[in-house]
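Q: First, the structure itself, so that you have it in front of you.
The values are calculated or read from the model by the stated rules, or taken from the named source; none is laboratory data. What you see is a predicted model; the values in this text were computed from it and never measured. Cβ placement follows ideal geometry from the backbone for every residue including glycine, while neighbour counts extend to all protein chains displayed. Accessible surface is based on the protein model in full, side chains and every heavy atom, while ligands, DNA and RNA are left aside. Shrake-Rupley method; radii C 1.70, N 1.55, O 1.52, S 1.80 Å.
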Amino acid sequence: MTSQTVALPDPRQALVNRLAGGRRQRVSAPRLGAGILAVVIVASLTVRVCGIVTPGAVDLTHTLEPPSIHHLFGTDDLGRDVFGRTIYAATLDLWLGVSTTVGAMALGLVIGALVGYRGGVLDSCVMRLMDIILAFPFIVFVMAFITIYGPGLTGIYIGFIITGIPVFARLARAAMLGVREQEFILAAETLGFSRGRIIWRHALPHLLSATVVYALANIVLNIIYVAALSYLGLGVQPPTPEWGATIAEGQQYLLTAWWISTLPGLFFVVVCIAIYLAGEGLADPLSRRTLGQ
Amino acid sequence: MSAVRVSPFLTLSDLSVAFPTATGRVLAANCISLEIYPGQALGLVGESGSGKSVTLRALCGLVPAPGQVVGGTLAVDGRNVAWGREQRALRGRTISMVFQDATASLTPVRSVGAQLREVLRETTGLSRAAARTEAIALLDRVGISSARKRLAAYPHELSGGMRQRVMLALAIATRPRLLLADEPTTSLDVTTQERILALIKDLQAETGMAMIFVTHDVAVVEDICDDVMVLYAGYVVERGKVSDVTKQPRHPYTRGLVSAVPRLYTPGPLAAIPGQPPDMAALPPGCPFAPRCQWARPECLAVNMRREAATQDCACPFARTGAVPEAPLAVEAMTE
Amino acid sequence: MSPAGHTATDSPSPNSDAMLRISGVTKVYTKRTLFDRVGRRGGVRIVALDDVSLSVPRGGAVGLVGESGSGKTTLARTIVRLVEPDSGAVVFDGVDLLSLKGAALAAARRRVQLIYQDPYSSLNPALTVGGAIAEPALVHGLVEARSARGRVHELMSQVGLSEKLEDRRPRDLSGGQRQRVAIARALAAEPELLIADEAVSALDVSIQAQVLALLARLTSELHLTLLFVSHQLATVEHICEWVAVMYRGRIVEEGPTREVFRTPRHAYTLALLNAHPGRGSQPAGRRGAPAAVDTQPGGTQGCPFADRCDFRVGECTETMPPVMLLGEGRATRCVVLPKLSAREVQARLVWDGGDVLRG
């Protein structure tokens with residue numbers, strides 16, 4: 001008596017397949033995400049470099065026009081093409097999200113790895129410091145830096161990185177505690193390797209896999225926070241286009257010229273999803289390559 | 001150990017268990033047949049990948065997904081038992097199992113007594129009081145001192161040997177006719193192992209239950225089993241009485257295995273079987289042991305393993321006809 | 001063992017050219033819960049090692065046998081300073097390893113290498129075989145970067161691995177192959193003492209024999225000294241000419257392997273030998289192995305084995321039996337067995353294979 005093993009379909013993949021036109025061709029979710037991101041980034045760079053969109057240009061004859069062929073997302077109250085601005089803003093937002101995450105991750109990993117390896121009093125002190133940072137509401141903390149450095153990107157960089165470090169440090173430390181007693185780490189010690197070498201070459205790849213998934217979430221989160229800050233007027237300053245700022249600008253026209261807030265918002269959501277999908281496709285092979293799982 | 005050889009109460013014919021892998025379907029167990037008589041102790045010996053554990057799990061209905069039984073029939077008391085629900089219903093009354101790692105098999109959040117009582121009440125419908133009394137009796141039977149006090153103990157509070165005894169108590173609580181033991185003493189100290197093996201033999205004598213004992217340790221099989229089956233790459237390559245197979249092994253793999261085990265008081269170089277355990281996803285045609293066999297010849301690639309394993313006690317046609325010389329096996333660390 | 005009347009650094013083994021001399025090593029773990037700390041109580045003391053002394057002769061193969069809780073792994077790890085003992089000395093080639101720090105420690109560590117039990121976790125899954133083997137040689141400056149590859153090939157062929165495997169990761173290898181890689185990696189550091197901590201226990205039987213043969217060959221070809229830690233007596237008998245038996249943190253018997261196993265002079269050694277399966281047609285359990293007892297090892301007044309011992313007499317529970325030297329380098333910590341004649345002891349040894357003295 002034989003029975004077929006039926007592989008349960010991955011619901012996400014099914015959705016992707018349907019979106020891809022319902023054809024039987026295999027568009028994998030990560031590829032779709034990466035594809036969307038690639039298109040957006042290329043478009044954004046083109047728009048910037050070729051000067052198709054300039055931040056300062058206003059066109060007061062065509063204000064508040066609904067979406068049309070010429071203006072896919074309509075125009076805003078200053079007559080600027082919303083779609084163009086949205087695309088223009090893409091690289092800025094993506095860059096902010098990625099750079100702040102990478103900065104926080106690099107520092108957090110180093111801190112977590114070191115204190116996790118050594119343990120002792122240093123471990124306790126540093127982790128309590130991390131707890132203190134975490135105890136602050138995020139926005140309050142960042143606003144403090146913005147107050148010091150003034151509105152603009154510097155405050156955002158420093159604030160986001162510092163507030164991002166504790167979670168990475170915790171994740172790295174937890175992973176290090178787990179890896180610390182593994183026999184290949186003990187073997188590295190008996191082979192006479194220096195502590196730095198052990199942490200860097202032997203332990204770190206394992207810490208990476210523990211943190212990379214959170215890093216992806218952090219990228220998306222940071223973009224959202226940047227948008228939130230710009231919405232509050234604390235982040236990117238006008239006339240630089242930025243997704244959050246655009247959404248804020250359109251807020252007063254929500255009932256009349258709804259496209260100013262809504263369409264960039266939807267675009268933002270799609271890009272975030274694309275980051276997730278692409279990142280997941282990156283995380284598994286990365287951990288498999290470095291860890292040999 | 002005398003087992004009255006009437007007729008077997010359990011017959012397994014041509015069991016095959018398949019696992020899907022990235023490179024295709026792998027038969028972890030291939031055409032395995034066996035018969036169990038009341039009171040018999042059968043040993044299944046093999047190394048990793050031999051299929052011994054999978055066979056046991058198939059008998060118990062515990063083949064881990066995505067593997068599944070893809071062939072073979074099971075008959076109990078002459079009646080055919082279908083795989084699936086009907087076969088799983090055998091668990092408890094007819095077939096019971098103990099595992100290698102008691103820590104993983106006992107629920108850590110419930111006391112030992114609670115777990116025993118649960119089994120008793122589920123399978124025999126005893127009242128709470130009666131189940132408690134029976135649980136104490138069982139713990140006592142498996143050699144746990146102060147059984148009454150131990151009822152409230154949690155698994156992590158007991159030593160490895162005691163946990164294994166608790167597992168045995170759980171297994172015999174339902175008075176099974178067949179006990180499946182999957183390397184129950186491998187992770188124990190040798191002095192503890194000896195006590196547990198003695199206990200198992202005593203229980204067998206007392207209750208008349210049969211046993212299939214899976215292990216990689218040929219010496220243990222020599223001590224406690226009447227008959228033995230040697231597995232390699234999912235096939236039964238040799239079967240017979242323990243004394244015959246271990247003192248005069250015929251199949252080249254068995255010969256290698258028996259000679260590779262160091263024995264006390266027997267000096268002399270150890271024989272080593274060259275090569276690696278088989279890659280189940282890429283078995284060569286014919287005899288799976290041929291790549292490692294020092295007497296291999298071209299005809300080995302044409303051996304019909306399924307027929308040999310199903311009909312013969314020794315699956316090597318050349319060994320049976322005496323074409324395999326008595327030359328000592330090669331000794332050395334081989335290049336891989 | 002600190003023999004009464006001898007200095008702590010003495011050991012009964014006849015070879016006075018000791019590569020490694022362990023003296024009086026003690027390690028006690030104290031488990032204190034929060035309540036213990038608050039209530040200023042002592043907590044549970046677990047004596048992992050109690051005044052252990054052992055000599056390993058240069059070029060020799062010494063076996064260290066015991067079951068779980070005997071302390072043999074702790075002792076192995078103490079030698080390489082993965083565990084810091086509370087007291088004692090570990091003198092390797094004249095230098096006390098316990099007193100070294102920093103660069104001197106790193107240099108000394110290179111000369112003593114440990115092969116671990118689990119071939120699946122002792123190799124870093126992120127490194128290739130070639131990378132893992134080359135690393136110790138490069139880090140210790142034993143080879144130049146450009147000749148590293150050649151050295152790796154040399155080592156791989158020494159341990160019987162095909163060169164084609166050098167770019168593989170551990171996940172692609174079998175248990176036996178991984179253990180060979182672990183051995184090659186240890187050899188890359190050019191050690192003088194190799195400690196095998198249950199190095200073959202996790203391998204399939206047929207592969208065990210391969211790796212054992214490899215270890216035996218390497219120790220003789222490369223003039224290595226071997227300390228073989230194992231619970232498998234038969235294996236130890238095969239490759240070690242000297243054996244020390246450990247029980248609950250103490251060495252209870254020591255001597256030439258053949259002699260110790262044929263005429264044990266400690267009740268535990270006898271019990272251990274009798275408990276080994278596959279020794280004849282005697283049904284299991286009739287060998288007089290003592291009942292397993294469920295107690296935590298702690299400091300005991302008398303012989304630690306007394307509560308399980310068939311030969312126990314009054315004085316066994318009163319004081320710790322002193323080390324008794326028996327000639328031929330043998331030593332034991334038992335008061336009863338040494339008083340019996342050899343025949344009487346052998347009669348208690350269950351063996352249906354004939355006269356134990358033969359062969």
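Q: Please enumerate the residues belonging to the stretch C:203-226 that are at the interface with chain B (Cβ under 10 Å from one of its Cβ atoms), open to solvent by 10 Å² or more (accessible area, probe 1.4 Å) and assigned to a helix (DSSP H, G or I).
A: Within the stretch C:203-226, C:205, C:208, C:213, C:216, C:217 qualify.
Q: Tell me which residues, restricted to the stretch A:229-250, are under 15 Å from residue A:160 (Cβ atoms), part of a helix (DSSP H, G or I) and hydrophobic (A, V, I, L, M, F, W, C).
A: Kept after step one, since they are under 15 Å from residue A:160 (Cβ atoms), are these residues of the stretch A:229-250: A:229-230, A:232, A:234-236, A:242, A:244.
Those still in the list that are part of a helix (DSSP H, G or I) too: A:229-230, A:244.
Scanning the stretch A:229-250 gives a single hit, A:229.
Q: Which residue pairs have Cβ atoms under 8 Å apart, sit 6 or more places apart or on different chains, and have a first residue in the stretch B:161-190 that is at positive phi and a second that is of a type in the set (Val, Ile, Thr)?
A: B:175/B:207; B:183/B:214; B:183/B:215
Q: Here is a follow-up. Do we find that residue B:82 is among the hydrophobic types (A, V, I, L, M, F, W, C) and either over 25 Å from residue B:199 (Cα atoms) or open to solvent by 80 Å² or more (accessible area, probe 1.4 Å) (or both) in this structure?
A: Details: among the hydrophobic types (A, V, I, L, M, F, W, C): yes; either over 25 Å from residue B:199 (Cα atoms) or open to solvent by 80 Å² or more (accessible area, probe 1.4 Å) (or both): yes.
So residue B:82 fits the description; yes.
Q: Sort out for me the helices (runs of 4 or more DSSP H) sitting completely within the stretch B:228-317 that have 3 or more residues that are in contact with a His (Cβ under 7 Å, 6 or more places away or on another chain) and open to solvent by 10 Å² or more (accessible area, probe 1.4 Å).
A: none
Q: Filter the stretch B:134-159 down to the residues that are surrounded by 15 or more Cβ atoms within 10 Å (Cβ to Cβ) and part of a helix (DSSP H, G or I) and list them by number.
A: B:134, B:135, B:136, B:138, B:139, B:140, B:141, B:147, B:150, B:155
Q: Can you tell me which residue in the stretch B:199-220 is farthest from residue B:248 (Cα to Cα), limited to those that are at the interface with chain C (Cβ under 8 Å from one of its Cβ atoms) and of a type in the set (A, V, I, L, M, F, W, C)?
A: Among residues in the stretch B:199-220 that are at the interface with chain C (Cβ under 8 Å from one of its Cβ atoms) and of a type in the set (A, V, I, L, M, F, W, C), the one farthest from residue B:248 (Cα to Cα) is B:199.
Q: Quick one: in the stretch C:144-171, of everything that is open to solvent by 30 Å² or more (accessible area, probe 1.4 Å) and within 14 Å of chain A (Cβ to nearest Cβ), which residue is farthest from residue C:190 (Cα to Cα)?
A: C:171
Q: Starting from the stretch B:266-278, take each residue that is at the interface with chain C (Cβ under 7 Å from one of its Cβ atoms) and list its partners that are of a type in the set (S, T, N, Q), counting only C-beta distances under 7 angstrom and pairs at least six apart or across chains.
A: Qualifying pairs under 7 Å: B:271/B:259; B:272/C:206; B:272/C:210; B:273/C:206; B:276/C:174; B:277/B:48; B:277/C:174.
Q: Let me ask something else. In the stretch C:249-262, which residue that is within 21 Å of residue C:304 (Cα to Cα) and within 12 Å of chain B (Cβ to nearest Cβ) is surrounded by the fewest Cβ atoms within 10 Å (Cβ to Cβ)?
A: Applying the filter and picking the extreme gives C:261.
Q: Please note which strands (runs of 3 or more DSSP E) are completely contained in the stretch C:1-102 and include at least 1 residues that are modelled with pLDDT of 85 or more and charged (D, E, K, R).
A: C:18-31, C:44-57
Q: Take the residues in the stretch A:168-193 that are surrounded by fewer than 21 Cβ atoms within 10 Å (Cβ to Cβ) and more than 14 Å from every other protein chain (Cβ to nearest Cβ); name whichever of them is nearest to the chain's Cα centre (by Cα).
A: A:170
Q: Among the candidates C:136, C:191, which residue alone is in a helix (DSSP H, G or I), open to solvent by less than 20 Å² (accessible area, probe 1.4 Å) and either at pLDDT 90 or above or at the interface with another protein chain (Cβ under 9 Å from one of its Cβ atoms) (or both)?
A: C:136
Q: Here is a further query. Need pairs with beta-carbon distance below 6 Å; first residue farther than 11 Å from residue A:199 by Cα and within the stretch A:113-126, second hydrophobic (A, V, I, L, M, F, W, C) and in a helix (DSSP H, G or I); sequence gap 6+ or separate chains.
A: Cβ pairs passing all conditions: A:122/A:115; A:123/A:115; A:126/A:115.
Q: In addition: For the list (1) touching a residue at least 24 places away in the same chain (Cβ under 8 Å); (2) closer than 28 Å to residue B:71 by Cβ, I need the number of the one condition that residue B:256 fails.
A: (2)
Q: Under 24 Å from residue B:14 (Cα atoms), touching a Ser or Thr at 6+ places or on another chain (Cβ under 9 Å) and more than 8 Å from chain C (Cβ to nearest Cβ): does that describe residue B:258?
A: The answer is no for residue B:258.
Q: Restricting attention to the stretch B:175-209, and to residues there that are in a loop (DSSP other than H, G, I, E, B) and among the aliphatic types (A, V, I, L, M), which single residue is surrounded by the most Cβ atoms within 10 Å (Cβ to Cβ)?
A: B:188
Q: Something else: Of the residues C:229, C:200, only one is in a strand (DSSP E or B) and open to solvent by less than 10 Å² (accessible area, probe 1.4 Å); which?
A: From the options C:229, C:200, the qualifying one is C:229.
Q: Let me ask you something else. So residue B:223 passes all but one of these: (1) surrounded by 23 or more Cβ atoms within 10 Å (Cβ to Cβ); (2) assigned to a strand (DSSP E or B). Which condition number does it fail?
A: Exception for residue B:223: condition (2).
Q: Can you name the residue in the stretch C:172-182 that is at pLDDT 90 or above and facing chain B (nearest Cβ under 10 Å) and, of all such residues, is farthest from residue B:275 (Cα to Cα)?
A: In this case the residue turns out to be C:180.
Q: Output the residues belonging to the stretch C:91-107 that are without any contact (Cβ under 8 Å) to a residue 40 or more places away in the chain, more than 7 Å from every other protein chain (Cβ to nearest Cβ) and surrounded by fewer than 19 Cβ atoms within 10 Å (Cβ to Cβ). Write out each step before concluding.
A: From the stretch C:91-107, those without any contact (Cβ under 8 Å) to a residue 40 or more places away in the chain are C:94-107; that's our starting set.
Then drop every residue that is not more than 7 Å from every other protein chain (Cβ to nearest Cβ), which leaves C:94-105, C:107.
Listed by number, the residues that qualify are C:94, C:95, C:96, C:98, C:99, C:100, C:101, C:102, C:103, C:104, C:105, C:107.
Q: Please specify each residue of the stretch B:58-72 satisfying the condition of being within 12 Å of residue B:32 (Cβ to Cβ) and touching a residue at least 60 places away in the same chain (Cβ under 8 Å).
A: B:59, B:72
Q: May I ask you to verify whether residue A:69 is open to solvent by 50 Å² or more (accessible area, probe 1.4 Å) and without any contact (Cβ under 8 Å) to a residue 12 or more places away in the chain?
A: yes
Q: If we keep just the residues of the stretch A:269-293 that are at pLDDT 85 or above and open to solvent by less than 20 Å² (accessible area, probe 1.4 Å), which is nearest to the other protein chains (Cβ to nearest Cβ)?
A: A:275
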